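Here's the structure, in structure tokens; my notes come after.
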Amino acid sequence: MTSAPITPIRKWGALAICCVAALLLGIDNSVLNLAIPSLTADMRPSATQILWIADVYGFAMGGLLIFMGNLGDRIGRKKLLLAGTIAFGLASAITAYAASPGLLIGARALLGIAGAAIMPSTLSLIRNTFTEPAERTMAMGISGGVGAGGFALGPIVGGVLLDHFWWGSVFLINVPVMLLVLGFGTVVLPESRNPRPGRLDLVSVPLSVVGMIGVTYAIKAAARDGAAEPIVWITAAIGVVALVVFVRRQTRLAEPLLDVKLFRNPAFSGSVGSNLITIFSLSALSLIFAQYFQVVRGWSPLTSGLALLLGPVGAMIGGPLVTLLIGKWGRSRVVSVGLGLMAVSMVGFSRVGTDSSYAVLAVPLLLNGIGLGFTLGTTNDTMLATAPKERAGGASAIGETAMEFGGALGIAVLGSLASALYRGGLALPAGLPAEAVHAARQSVGGAVATGAALPGATGTDVIAAAGRAFVASIQTTTLVGAALLTVGAVFALFTLRGVPAEIPGPEEQDPAAEGPAVPAPLER
């Protein structure tokens, strides 16, 4: 239900506010990679503290998305988004001026909690604001393109700020943006909620949080420290047991925290699966190419960020086009083509060399962004439209959780693969001190720093060897990503086959029916 009639101006204003909030979350999710070197030099955190600074945001967000999506359905999505906005602004200010690693970790955790409140609220508000199917698809396409572009814009925004200000500026910039979202959102956003939410199951909440955090932590710890570490198996076991108990409990509750019946709908499960494959395949790219541009090529953070600009440009082009393309090709083909374009771009990335011209990467970057816009613009609309509008927040949270999980898994698997290939292919000059060999094998950054400290030709040879090994690891890892995306394209073609090109709005459906009605134009 909505609090007042929604005029066209208010409707599109609500979309703009939700897009700005999603854009900022995307930027904040990727900007930290650039800030860590200067942050480390200024604050001198331990290695463990650096890991928590980087990871706690994702742990808090991923663990709370399901609960926050359900909470928004209960208390009102607008109310939750605005509360999350206030918390995000405050946490950003604390993060920017944190005087110790401990305070910084706590502030980053609060950022993750606030992000979990904002993220599912944006899509569910769009879903309930745009009730006409064609307009809703257009709005979801725009939102998907902006959200995808936000992640890629992080390095650019971070590069600009870090070239002129201290590391805290990458977080402080959130405050004025969140004030704008809060001010305009209070007036423009329509309220919506589930009119009959039922009782909140208090047992399900900690089960979902422990399960998601446990599994995510185990994945990241395995990638960082190796799967043989006892903490990996302990946290994995705790997480898996909690998730199994959680899912079984949801099947028995009249008002579950997570509506598992949604997965019976192939359109919903196919969309969630496509998003997971997409983020899994792309997650390691920004980290890999940030190192390639800054360490191997020696570019500044700003230049490195600008080099990636064609990605978000492509996403913002591809997202709004999905309305037109769905009508012509059908949903399964649009998602399949999107994933196919990303696979082709990965093959293009595999041609990168230690001294390649930017032209080698320009076309793949643009194709990657367009494909990402096609995919997320279509899958987000399909996922939200096939779920009951009363559970839009919960449905959105499922999709966002899958993407968070896919991102963690992708960085763990593909990042570990890239690291293993780098170490296996690194051919160092003979006679190096043991400490220098160890540092060089840890990372390409460590190798370049080691080479810079060594005299004459020896140091130059170390840097050159590290560059060749790192580029070779990129070439193989991106081809693995291309193969996964190709599988995803085939998966989408079959799982989304038969989904209507135009999924009716809730007012056009039989409220007693499960899943979407099947209107006239069906996918060809």
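The values are calculated or read from the model by the stated rules, or taken from the named source; none is laboratory data. Because the structure is a prediction, the values reported are computed rather than measured. Here Cβ is always computed from backbone atoms with ideal geometry, including for glycine, and neighbour counts include all displayed protein chains. These accessible areas exclude ligands, DNA and RNA; they are computed on the full protein's heavy atoms, side chains included. Shrake-Rupley method; radii C 1.70, N 1.55, O 1.52, S 1.80 Å.
Scanning region 421-456 for residues that are in contact with a Ser or Thr (Cβ under 8 Å, 6 or more places away or on another chain) and closer than 19 Å to Phe289 by Cα yields Leu421, Tyr422, Gly425, Ala440, Ser443. None of Gly76, Gly159, Gly63 is at pLDDT below 90 and touching a Pro at 6+ places or on another chain (Cβ under 9 Å) except Gly159. For region 426-465, the set of residues classified as of a type outside the set (D, E, K, R), in contact with a Pro (Cβ under 7 Å, 6 or more places away or on another chain) and surrounded by fewer than 18 Cβ atoms within 10 Å (Cβ to Cβ) consists of Thr458 only.
The single condition from (1) on the phi > 0 side of the Ramachandran plot; (2) open to solvent by 30 Å² or more (accessible area, probe 1.4 Å) that Ser416 fails is (1).
Restricting to region 343-359, name every residue that is aliphatic (A, V, I, L, M) and either part of a helix (DSSP H, G or I) or within 17 Å of Gly150 (Cβ to Cβ) (or both). Those that are aliphatic (A, V, I, L, M) and either part of a helix (DSSP H, G or I) or within 17 Å of Gly150 (Cβ to Cβ) (or both): Ala343, Val344, Met346, Val347, Ala359.
Residue by residue, here is whether (1) within 16 Å of Thr186 (Cα to Cα); (2) of a type in the set (A, V, I, L, M); (3) modelled with pLDDT under 85 holds:
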{"residue": "Ala4", "(1), (2), (3)": "yes, yes, yes"}
{"residue": "Gly13", "(1), (2), (3)": "yes, no, no"}
{"residue": "Cys19", "(1), (2), (3)": "yes, no, no"}
{"residue": "Gly26", "(1), (2), (3)": "no, no, yes"}
{"residue": "Asn29", "(1), (2), (3)": "no, no, yes"}
{"residue": "Pro37", "(1), (2), (3)": "no, no, yes"}
{"residue": "Ala47", "(1), (2), (3)": "no, yes, yes"}
{"residue": "Ile50", "(1), (2), (3)": "no, yes, yes"}
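Val203 fulfils the conditions (1) closer than 21 Å to Met68 by Cα; (2) surrounded by fewer than 17 Cβ atoms within 10 Å (Cβ to Cβ); (3) of a type in the set (Val, Ile, Thr); (4) in contact (Cβ under 8 Å) with a residue 60 or more places away in the chain except for a single criterion, (4). The residues on offer are Val413, Val363, and the sole one that is over 23 Å from Phe59 (Cα atoms) and among the β-branched types (Val, Ile, Thr) is Val363.
Yes/no per residue for (1) more than 27 Å from Leu243 (Cα to Cα); (2) of a type outside the set (Gly, Ala, Ser):
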residue	(1), (2)
Thr7	yes, yes
Leu23	yes, yes
Gly26	no, no
Thr40	yes, yes
Pro45	yes, yes
Trp52	no, yes
Arg77	no, yes
Leu81	no, yes
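Determine whether Glu400 is free of Cβ contacts under 8 Å to residues at least 24 places away in the same chain and either among the acidic types (Asp, Glu) or closer than 30 Å to Phe268 by Cβ (or both). No: the conditions fail for Glu400. Taken over region 214-235, the criterion of being open to solvent by less than 70 Å² (accessible area, probe 1.4 Å), of a type outside the set (A, V, I, L, M, F, W, C) and part of a helix (DSSP H, G or I) is satisfied by Gly214, Thr216, Tyr217, Lys220, Thr235. Reported count of residues in region 41-66, each being among the polar types (S, T, N, Q) and either open to solvent by less than 20 Å² (accessible area, probe 1.4 Å) or assigned to a helix (DSSP H, G or I) (or both), is 2. The listed residues are Ala392, Ala385, Ala362, Ala397, and the only one of them that is small (Gly, Ala, Ser) and within 25 Å of Ser304 (Cα to Cα) turns out to be Ala362. Quick one: in region 113-169, which of the residues that are not aromatic (Phe, Trp, Tyr) and not in a helix (DSSP H, G or I) is least open to solvent (accessible area, probe 1.4 Å)? The residue in question is Gly168.
Quick one: is Val437 touching a Leu at 6+ places or on another chain (Cβ under 8 Å) and β-branched (Val, Ile, Thr)? Considered against the rule, which asks whether it is touching a Leu at 6+ places or on another chain (Cβ under 8 Å) and β-branched (Val, Ile, Thr), Val437 comes out as yes. In region 67-80, of all residues being among the aliphatic types (A, V, I, L, M) and within 17 Å of Leu25 (Cβ to Cβ), the one that is surrounded by the most Cβ atoms within 10 Å (Cβ to Cβ) corresponds to Met68. Pairing each residue of region 85-103 that is under 16 Å from Val177 (Cα atoms) with any residue that is in a helix (DSSP H, G or I) and of a type outside the set (A, V, I, L, M, F, W, C), provided the two are 6+ apart or on different chains, yields C-beta distances under 6 Å for Ser92/Asn174. Which of (1) more than 30 Å from the chain's Cα centre (by Cα); (2) modelled with pLDDT of 85 or more does Ala472 not meet, given it meets every other one? Result: Ala472 passes all but (1). Could we say that Gly431 is among the small types (Gly, Ala, Ser) and not in a helix (DSSP H, G or I) here? Yes, satisfied. Would you mind stating whether Val20 is open to solvent by 40 Å² or more (accessible area, probe 1.4 Å), under 23 Å from Gly145 (Cβ atoms) and part of a helix (DSSP H, G or I)? Answer is yes for this residue.
For region 360-375, a residue qualifies if it is out of contact with any Ser or Thr (no Cβ under 6 Å at 6 or more places or on another chain), closer than 19 Å to Gly147 by Cβ and either open to solvent by less than 10 Å² (accessible area, probe 1.4 Å) or among the β-branched types (Val, Ile, Thr) (or both), and the qualifying residues are Gly369, Ile370, Gly371, Gly373.
If you go through region 389-404 and pick out every residue that is open to solvent by 10 Å² or more (accessible area, probe 1.4 Å) and either modelled with pLDDT under 75 or under 9 Å from the mean Cα position of the chain (by Cα) (or both), you end up with 5. Scanning region 81-104 for residues that are open to solvent by 10 Å² or more (accessible area, probe 1.4 Å) and more than 19 Å from Ile173 (Cβ to Cβ) returns Leu82, Ala83, Ala99, Ser100, Pro101, Gly102, Leu103.
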